[in-house]
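Take a look at the structure set out below.
The values are calculated or read from the model by the stated rules, or taken from the named source; none is laboratory data. As the structure is a computational prediction, the values presented were derived from the model and not from experiment. With ideal geometry, Cβ positions are generated from the backbone for all residues, glycine too; neighbour counts draw on all protein chains shown.
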């Protein structure tokens, strides 16, 4: 049996970092594949927070998904303008989380 420490990092950890808990997502019956194989085409209005953007992305992406938890810090910054997202889900989420 291979040593778990020597395994290559999952593709999800490559995109979302060490904080993403793939095991807990699977235990909650989440489909982690939807994060890698999904597309977003969405416009959100001004005055919304990153938290609001991510919740809208979950509801209106090509393959909608439920978000169980987002860090409260994402509610701190409001956008002064509307934003249009048109890209692969992982790229859109990475852009939001980096900012």
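Regarding residue 12, is this residue outside any loop (DSSP other than H, G, I, E, B) and at pLDDT 85 or above? Spelling it out, it is not the case that residue 12 is outside any loop (DSSP other than H, G, I, E, B) and at pLDDT 85 or above.
In the stretch 39-65, the qualifying residues are those that are touching a residue at least 12 places away in the same chain (Cβ under 8 Å) and in a loop (DSSP other than H, G, I, E, B), and the one that is nearest to residue 99 (Cα to Cα) is 48. Each residue in the stretch 67-99 was checked for being in contact (Cβ under 8 Å) with a residue 24 or more places away in the chain, assigned to a loop (DSSP other than H, G, I, E, B) and farther than 14 Å from residue 42 by Cβ, and 6 of them qualify.
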